[in-house]
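In what follows, a structure is listed as structure tokens, so that the remarks can point back to it.
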Amino acid sequence: RLSLRTANSPVEGSSQYNNAVTLGWNNRIAGEDTTRRGRPASWTVRLSAEAADGLRLDETSSLQFLLMPTEAMPGPRRVRPDSTAADSARRSAPPRPPRRSDDEELPPVDLSVELVDAAGVSARLPLSHYGVVRRPLETWILMRRDIERSRFGRQSEIVLQTYSIPLADFRRARASLDLGRIRAVRFVFDRAVAGTVIIDDIGFASLDPAFMALASGPR
């Protein structure tokens, strides 16, 4: 459930009356070696053959969704221990990451969006080519921050940004991709080590060509 910034105010209410998926990732492997990375995390929405056939997708179609990063930063990824390594893994478990200060700047967020067809052919595009992945803007209303924090659940509203990616761009990235037989939409977190995003309203549309007239496409 998405909540409003007045989450601490039962009188005004806190629900946006909308649900979305929240996805957090950290590709860094826990341990002393801070440069060690695991396979990029991903999240996949699969389409049945019947659903894909009914959509009748082609190069005039576009992939649509809403997305917004949050301030949450998951800790390093723990490797699942096996056999006798379990005890040593527990002994070497890193401490929890320190709490972020109000003035600490969070790293930028970016990710890739991938389409996969029935033959397993895939095409991947950077999300930032279709709009900056913007973090929510904080708004301070009261003079005292301690009262502000007790009055509001957070200092920003959850406002998801609309993304429209032409399927023709996926085809340009991979000419063999069969747009009429798409079986999966995958969000791949390969362009930022760690972060959290909220995603909603994933689907396809046939937009008027004027809507894409100023689209810059992949850079």
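The table that follows gives values for the structure above.
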| read-out | value |
| --- | --- |
| Within the range 41-75, GluC sites (Glu not before Pro) in DSSP loop having at most 16 other beta-carbon neighbours inside 10 Å | GLU59, GLU71 |
| For the range 47-53, 3J(HN,Hα) per residue [Karplus equation, 6.51 cos²θ - 1.76 cosθ + 1.60, θ = phi - 60°, Hz, x = Gly/Pro] | 10, 6, 4, 5, 5, 5, 5 |
| The range 37-45 - phi-based ³J(HN,Hα) in whole Hz, Karplus 6.51/-1.76/1.60, Gly and Pro as x | 10, x, 4, x, 5, 8, 9, 10, 10 |
| Interchain or long-range residues, amide H under 5 Å from GLY195's placed H | TRP25 |
| Karplus (6.51, -1.76, 1.60) ³J(HN,Hα), θ = phi - 60°, over the range 112-119, in Hz, Gly and Pro reported as x | 10, 10, 10, 10, 10, 9, 5, 8 |
| Amide proton proximity set for VAL133, modelled H, under 5 Å, gap of 5+ | none |
| Long-range HN-HN contacts of GLN16 with modeled amide H, under 5 Å | LEU2, SER3, LEU4 |
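A short reminder: the numbers here are calculations on the coordinates, not readings from a lab. It should be emphasised that the depicted structure is a prediction, and the values quoted were computed from it without experimental measurement. Note: ideal-geometry Cβ built from the backbone for every residue, glycine included; neighbour counts use all protein chains shown.
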